[in-house]
Structures are given as structure tokens and as C-alpha cells.
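The values are calculated or read from the model by the stated rules, or taken from the named source; none is laboratory data. Owing to the predicted nature of the structure, the values given are computational and were not obtained by experimental measurement. With ideal geometry, Cβ positions are generated from the backbone for all residues, glycine too; neighbour counts draw on all protein chains shown.
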2 protein chains.
Amino acid sequence: MSVDAVLARIDQDLDKSLERLFELLRIPSISTDPAYRDSCRAAADWLAAELTGLGFDASVRPTDGQPMVVAHYPSRDTANDGRVLFYGHYDVQPVDPLELWNTQPFEPAIVTRDDGSKMIVARGAADDKGQLMTFVEAARAWVAETGGLPVPVTILFEGEEESGSPSLAPFLNAHMDELKADAAFVCDTGMWDRQTPAISTSLRGLVTGELTITAADKDLHSGLFGGAARNPNHVLAKILSDLHDDQGRVQIPGFYDGVPEVPAEVKAAWDALDFSDEEFLGQVGLKKPAGEADRSALEQIWARPTAEVNGMIGGYTGAGFKTVIPAQASAKVSFRLVGSQDPAKIVDAFHAFVRERLPADCSVSFTSHGASPALSIPADSPVLQKGREALRAEWDVEPLMIGMGGSIPIVGAFRDKLGMDTLLMGFGLDDDRIHSPNEKYEKTSFHKGIRSWARMLGLLAN
Amino acid sequence: MSVDAVLARIDQDLDKSLERLFELLRIPSISTDPAYRDSCRAAADWLAAELTGLGFDASVRPTDGQPMVVAHYPSRDTANDGRVLFYGHYDVQPVDPLELWNTQPFEPAIVTRDDGSKMIVARGAADDKGQLMTFVEAARAWVAETGGLPVPVTILFEGEEESGSPSLAPFLNAHMDELKADAAFVCDTGMWDRQTPAISTSLRGLVTGELTITAADKDLHSGLFGGAARNPNHVLAKILSDLHDDQGRVQIPGFYDGVPEVPAEVKAAWDALDFSDEEFLGQVGLKKPAGEADRSALEQIWARPTAEVNGMIGGYTGAGFKTVIPAQASAKVSFRLVGSQDPAKIVDAFHAFVRERLPADCSVSFTSHGASPALSIPADSPVLQKGREALRAEWDVEPLMIGMGGSIPIVGAFRDKLGMDTLLMGFGLDDDRIHSPNEKYEKTSFHKGIRSWARMLGLLAN
């Protein structure tokens, strides 16, 4: 059976594939907000039903958080040789600020540009519902055209990727035998540009946490107490300001332990890429790389660690003005990690850094939202070679091997718990506005993404 | 007619006075939040109706913001000699964080302590509804007992004191002849302690404003852009952190121009007061004065200017974590002023201070929420002498002449627009938790406050 018939069916059924994606996009499965718990469950149910319809042995598995979807084809007790595991996440980021959306985030729309190109606009369109559905639809085409899949496949969809994947490690520990495969695929990454597909061979790690500074035991009136009472907004601002020096270097002692310099040959390859700092930043209204002064933007996002204040709040922030000295102020801080930076050591060093800066009458509390180390994929991995071949065939261009600024905790878990390498192959674009208002996924990404996975499944059988 | 009969009636009718105060406290007249506009109007209507019932020529006057209440007794075209103007404000601060209230903020309650003392708990109980009602109830007792007031009285209640009084200056300009009087009374200040009344003879000024830092034109994903994209949270934290040096001194150039040293004799009088930094700060869970390192807490709050971050917000601040680099971050900043510090110059210097610190790719916008200079009341003012006499008679102790850390814009407006001195006589206590959850007003303050004003009205007729 040639893959051509499968590809033809994909082209023919594209509108139906889009309809199914829209059904999934309409479910507001925001995992970070407890108010959307039922929606997360609904998204899991929807996926399990779809996979069951394709002949998978699929089920929704409860966790302490959002449920997992696990599906095997054929069922796990047979035909394990050459089995691959596909991972995606059905949860999405919150949608605020809602007023910046041009359409409703959970009412997906196809928007056609002046040049005729089309994009799918909705929260989750690119991250990760559109991407995970490329694999599901590729599987559907194989089943429809040939009555089955060319290799045994297990699918794992989680619903907590956007909230630090707290249930993932326990779940993998409890189901190691069931989930173990020859290799894992993750479709949550991007292309180099509209024409050039890419495989991400390195990923930054991520540490996320929250700190709250407390001074007085109640909010105070700044007329009565202003000047004499400690203001936690000032304390927090000073601590956050101290995180970087004026060259953009992180000032936490030991922070750069384990951060490697980019090897000369890799740096040469990156320098050869058609990448412009101005163009990359220009797409979001910026011009000048803001990180370490002596590094390019590409190096800053692929190969350098960061300390980032993702949220801060203290005192009165509503309409008008309130002359309050608040009792508390807090911030959400994340660190992107590279090389062999140790997440646990970073957390400890950060806490010590904060505590050393606490003035009289202040206390601090910390909450962790997860921690994962940086990762890289061996260049000689067999699935990496097949991935390159599938992409080359579909896109008619040599795919690029790139670094990745984001973090995908599952890749570390697959390596540590199941001893698997992971192929990071995805079809997002830099301007997809993931985590932002008006998130979109190119219709081309969806269509050729499905075709790429169909080719990959065919190659794996050889 | 002796004042004794009036005082006796006040004692006798105290429960009814409390009932009327409760009616006013039940109206959620939060002026800073547009959602409560109708409630502000309702509070104004309620007050005008009460004053009409006492024989005042009372009316609610529209402004561009919340309405004013103006009432004359007798009507303004007669008996102007010796007329006094009483000012109060019916608007209240927002109530958040609501979860820290032990009772509902707009369901007033009398709470009895173990020692039998009672307090009135509600938003606005002390600031300023409880205080303004001390004057209304004193007037009521005079009218009930003697058929009229001993001196002509005009009352002005505004509804924007908690939001910078934007309509006040235009209103005074438009009604100068109607509102001009021999002297003004404001009941929005505090006692020295539970036993010792006080008259505030100096007030800090107040400048309030908001700044918003903008970097990218949309929220960004910190995986894709982190390290290369400017984070406005970092920029804002740095600017706010730069406001003070490590000795607590404000670093804005020219900020201390016009700040006088406290005269030796005044400082000696303050030193003689029974004031302990530890006790003052201890009531709110603090220990060490946080302002300029070489000043006492009393000097810090009565005689020194401040720069205070009353609110700040940027990025994701909801439940869980979102790895966002926000497009914007903003802060509400206020300055308390003393001596002859010029509010306009402070605003300009602050804006320049912020602009100088803006890195590449950032812009800033400013919003003003009002500005008023510091003020002091001449020691030889006749109403000041009568106020001391009234307080001495009621409380049986020598009242103290003190400084005040807060700001009451009306006092400056009365001086500048109407050429009047203002007597600042009020019955609040430091632990009244104004602007905070569980705001309260002592029942004793309410009762003896009414009696104090009744005495004052009697003295003014002599």
C-alpha cells in the first residue's frame, strides 16, 4: 500500500477534518482555572470518543487534576513491536485580556487574508489542539484507506500542560509498561518559517513559582501610615529589580552553573540561518533584544537561561485611586533553563536571593508551580532521521534542526521515566500568538501537518 | 438657652442618632468605582432629605462626577453674619479585599468588646459618614431643643473625596458667594488617643497618579520570546525600586525642594507626646519605621514627604501560572507633600524621572488622579481657640494640636478659593482601619463627637 492513496484521502476530507477540529476548539478547556474543570473533562471525553471511533482502545483516566486520555491501536496486549507513542495536550491557556480578541476565543473561525491564505483563529488553535489533531487525522486517513495503521500506536493526551503537568510524573510511574514504546512523538513545536519545517532538537527547561511579601497585618491608609510603614510593593519591586543587572544578566548566585556556551559549529549553523533580530522582534512591535547584552536574540531564546516576572500584583489596581499601603504584594516568576542547570538548585538559590533582601517587618511565602530541566535530542536518533525524511518529502525542502525557547515537560518525563527519545515535530509559526489574544493556526499547517504525519507513519513501517 | 439641655437631648436620642447613621452606612457610595454611581446619588439624596427635615434649605447639586449636597440654615439670603461652613464627604473607599471583612461592609453592626466598649463596624463608619453625622446630629439636637441653630450654618457634602475631588474646585468657583463663610469646619480627622481629643493644624498634601509601561504590542509567550523581548514588569519594578535609596530617601531630583525642617519648639512638643514608634506600628503588626532612616515615625508621618506605590499590576495574576510576557504593566503612585512642595513640579519631576529610565522599545503613559499642596492652620485663628474650648469642656482634658499625615483637598480649596481658615476637628482613632477591611468608629467618638459639635455651635454664638 502506497502512502499516496492516504494523502489523497487527506486532501479530499480536509473540510471534515476542520469540522472535527472546530468541535474540539469549542470546548473551553482552560486547565489553570478551576472554573473550567468540567470543560477539561469534556475535551478528554471528546478525544476518547473520536479515537474509539477509529478503532483505538481508548479511555479517559482520572488523575488528581485533569484526566488523561490513553488510546492503543491495536490494544496493548498485542503487536507491541515498533510501537510509537504520540503525545499532545488538550488543555489551553486562559483567554484574558478578552477585549483584545477580534473573535470569541472559543468560537473558532477561518479568517482569509488578502493573499488568499487562511488561518484558524481560536484559543488552542495552535497550542495544542490544532497540532494534536494533525496526528489524529493522519491516523484516520490510514484507517479509512487501509483498514488500519501501519505501525502500532499509543496516544497519550494530557490536560495539564499549561499548568505545569502535576499529574504527569505520577501517571507515567503508574503506567510505565502500558506507555513504554520505541520512541515518542510530540507535536507542540514550530516550523522555521511558512515554507520550512523544523525539528526541535533542544528545549529549555522551566521553573515556575510565586512569591508573596507580607508586611503589616492589614491594608493601611497611606495618610495615616505613609512614610513609617513598610510597603510590600516597594520591597517586591526592589527584589524583582535586583534579578537582572544593567547588562541583562541574572544576578542570582550560581544561576549560570551548568550553562554551556553554544558549540562553535552549532553557532555557525545558527548564524547561517535567515534570522533577523529586527524581523523576529518587529512582529510584536519591538526592535532591540532585551536580554544579555552580548548575545543575539536567537541565542537569547534558544541557548540562554532567563528570569522572567510573568505577573505581579499589589495594592489597589481597580478603577480610580486608593491611597492604600497594602499588607501584601506578590509576583509569579519563571526561569527558563538550559544545559545542565539544576531546577532544584535554581529554586533554592532564588528563595535565598529573596530572603536576603527582606527588610525588617517583612516575611515571604513561596508556591511552586513546577520545575523541569532543559533537554536535547541525540543527533543520531533513528526517529529523528525518519522525521527529517517525512518532512523533506512533504515540504520539498531540507528541514532545519533548531533550538527551542519553550519547555515541554513531557519530553523530560519520557526520557527519565520511560527511557524514550522524543521527536519534536510541529507545524506552528512564530506569529501564531499562542498564549495571547487572537491565537491562530495556519490552515496550511493543519493540512500539510496531517500529510507529514501520514508520511511518517508510512516510513516507520519500513 | 444653655447648652446643657441640648446635651441632655443628645444623650437621650443617641439610639435614634445611631439608627440614622446606619441608614447612611447601608448605602454603598463608593466614588472610585463607576458601578456605584447610583449609590452615590442615593447617599446625596438621603442627606439632603435629612437636612431638609431639620429646616435647612437643602438641595442635591449635579456635577460632572458625583453630586454635591448644599444646605443653608437659614436660607442663604438672610442672616449671613457669623455663618460657618461645615464640610464632610459621603463617599467611601472600595471594600476589597472583601474576604478579610468579619461582617458585610455595608451592613453596619455594633460590636461590643470584652471591656464593654462598643464600636460601629462598616465601610465609611469613620471615613467619613460617622464623623459628618456627628455635626448633623448636633444640629438636630439644637433644632429640637431650641427651635433653631445658634449661628447660621451652611453644610457642604461632597461625594468624590476618595477619588481626588475632581469636581470640587469647579463647584467652589461657580458658587463662591453662596459658600463663603467666616470659617470652615471639617470633621475628617482623628483624636490623639481614646481620652484625648486633637485639632490637626498641619496637613500633608497629596499627588496621585498612574503610570503604564508598554513594550510589545501584544502579550507574548515567554518560551518563544523570553530573554529577547522587553518585559514591562521588569521595567516597572526597576523604576519603582529606584524611587527610594537604601536610606528611604526619595530619589526624584528636586523632590525635597520646599521641605522645611520641623522647628525646634514644635519638635520638642512632639517629643513630649506620649508616642512610641513601636506602639504605633505594633497596632498593625510592624515594628520598625520604614521611612527616612534618620527620622522618627512621628516625623515621617507628620512632617516628611513620601513616595508610595499604592498599587501595581502586570501580566497574569489569576490562579495558577501563565508563562506570559505582558504587553503592559502599570502602577498607582502617590506623593504626600509637606511645607511648600509644589504639586505641579513634583508631577513633572516624577514624569521626567520615569522617562529617563525607559529602556529601548518602551513607552509610558500617565494619568493624574489629583494634586493638592500641604497646608497649615494659623495658631491665632479664632475658631481654633473656640474649638479647643469646646473639646476641653467635653473631654475634660487639654486637646492636643497635632500634625496630620493625610490630605484633605477641601482645606486647600477653602483657603485658595474662599479665603477661609478651616478647623480640623474629628473623633477618629488610629486603629479605625479606614480604607481597610473592618473599618470601625467608636460609639464614644460618635456620641461625644455630637456633644462636642453641639458645644462648639453654642460657643460660636457668644
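Restricting A:Gly209, A:Gly227, A:Gly190 to residues that are without any contact (Cβ under 8 Å) to a residue 60 or more places away in the chain and either under 27 Å from A:Ser163 (Cβ atoms) or touching a Gly at 6+ places or on another chain (Cβ under 8 Å) (or both) narrows the list to A:Gly227.
In the set B:Gly130, B:Gly55, which member is crowded, with 23+ Cβ neighbours inside 10 Å, closer than 24 Å to B:Gln12 by Cβ and among the small types (Gly, Ala, Ser)?
Sole residue among the options that is crowded, with 23+ Cβ neighbours inside 10 Å, closer than 24 Å to B:Gln12 by Cβ and among the small types (Gly, Ala, Ser): B:Gly130.
Yes or no, residue by residue, for (1) surrounded by 14 or more Cβ atoms within 10 Å (Cβ to Cβ); (2) over 25 Å from A:Gly65 (Cα atoms):
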site	(1), (2)
A:Ala344	no, no
A:His351	yes, yes
A:Ser363	no, yes
A:Ser372	yes, no
A:Ala379	no, yes
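If only residues of region A:96-113 that are modelled with pLDDT under 95 and acidic (Asp, Glu) are counted, the one that is surrounded by the most Cβ atoms within 10 Å (Cβ to Cβ) is A:Asp96. Within region B:298-337, the set of residues being in contact with a strand residue (DSSP E or B) (Cβ under 6 Å, 6 or more places away or on another chain), over 30 Å from A:Gly370 (Cβ atoms) and at the interface with chain A (Cβ under 7 Å from one of its Cβ atoms) comprises B:Thr306, B:Glu308, B:Asn310, B:Lys332, B:Ser334, B:Arg336. The single condition among (1) over 21 Å from B:Ile450 (Cα atoms); (2) within 14 Å of chain A (Cβ to nearest Cβ) that B:Asp91 does not satisfy is (1). Residues being over 22 Å from B:Phe414 (Cβ atoms), within 14 Å of chain A (Cβ to nearest Cβ) and aliphatic (A, V, I, L, M) are entirely absent from region B:36-46. Only one of the numbered conditions (1) more than 9 Å from chain B (Cβ to nearest Cβ); (2) touching a residue at least 60 places away in the same chain (Cβ under 8 Å); (3) not in a loop (DSSP other than H, G, I, E, B) is not met by A:Lys238, and that is (1).
Within region A:207-224, being more than 7 Å from chain B (Cβ to nearest Cβ) and crowded, with 24+ Cβ neighbours inside 10 Å holds for A:Val207, A:Ile213.
Scanning region A:276-290 for residues that are part of a helix (DSSP H, G or I) and either facing another protein chain (nearest Cβ under 7 Å) or farther than 17 Å from A:Gly248 by Cα (or both) returns A:Glu278, A:Glu279, A:Phe280, A:Leu281, A:Gly282.
Right, B:Gly227: buried (at least 17 other Cβ atoms within 10 Å of the Cβ), within 8 Å of chain A (Cβ to nearest Cβ) and at positive phi or not? When the stated conditions are applied, B:Gly227 passes them. Of all the criteria given as (1) closer than 29 Å to B:Glu292 by Cα; (2) away from chain B (no Cβ under 11 Å), the one not satisfied by A:Ser340 is (1). Name the pairs: first residue in region A:254-267 and over 18 Å from A:Ala307 (Cβ atoms), second residue assigned to a loop (DSSP other than H, G, I, E, B), Cβ to Cβ under 7 Å, at least 6 apart or on different chains? As it stands, the answer is A:Pro260/A:Gly339; A:Val262/A:Ala303, since those pairs meet every condition given. Here B:Ala293 fulfils each of the conditions (1) more than 8 Å from chain A (Cβ to nearest Cβ); (2) under 20 Å from B:Ala215 (Cα atoms) apart from (2). Does B:Leu460 count as more than 24 Å from A:Leu224 (Cα to Cα) and of a type in the set (A, V, I, L, M)? When the stated conditions are applied, B:Leu460 passes them. When the strands (runs of 3 or more DSSP E) confined to region A:333-434 are screened for residues that are over 16 Å from the mean Cα position of the chain (by Cα) and at pLDDT 90 or above, those reaching at least 3 such residues are found at A:363-372.
For B:Gly291, the conditions (1) buried (at least 20 other Cβ atoms within 10 Å of the Cβ); (2) over 26 Å from A:Pro232 (Cβ atoms); (3) in contact with a strand residue (DSSP E or B) (Cβ under 8 Å, 6 or more places away or on another chain) all hold with the exception of (2).
No other residue among A:Gly406, A:Gly387 is within 14 Å of chain B (Cβ to nearest Cβ) and surrounded by 19 or more Cβ atoms within 10 Å (Cβ to Cβ) apart from A:Gly406. Could you tell me how many of the residues in region B:1-16 are within 17 Å of B:Met456 (Cβ to Cβ) and buried (at least 16 other Cβ atoms within 10 Å of the Cβ)? Counting residues in region B:1-16 that are within 17 Å of B:Met456 (Cβ to Cβ) and buried (at least 16 other Cβ atoms within 10 Å of the Cβ) gives 5. Checking each residue in region B:266-287 for being among the acidic types (Asp, Glu) and either farther than 14 Å from B:Gly403 by Cα or surrounded by 16 or more Cβ atoms within 10 Å (Cβ to Cβ) (or both) picks out B:Asp274, B:Asp277, B:Glu278, B:Glu279.
Restricting attention to region A:248-267, does a residue exist that is within 9 Å of chain B (Cβ to nearest Cβ) and in a loop (DSSP other than H, G, I, E, B)? Yes, the conditions are met somewhere in region A:248-267.
Filtering region A:435-462 to residues that are aromatic (Phe, Trp, Tyr) and assigned to a helix (DSSP H, G or I) leaves A:Phe446, A:Trp453.
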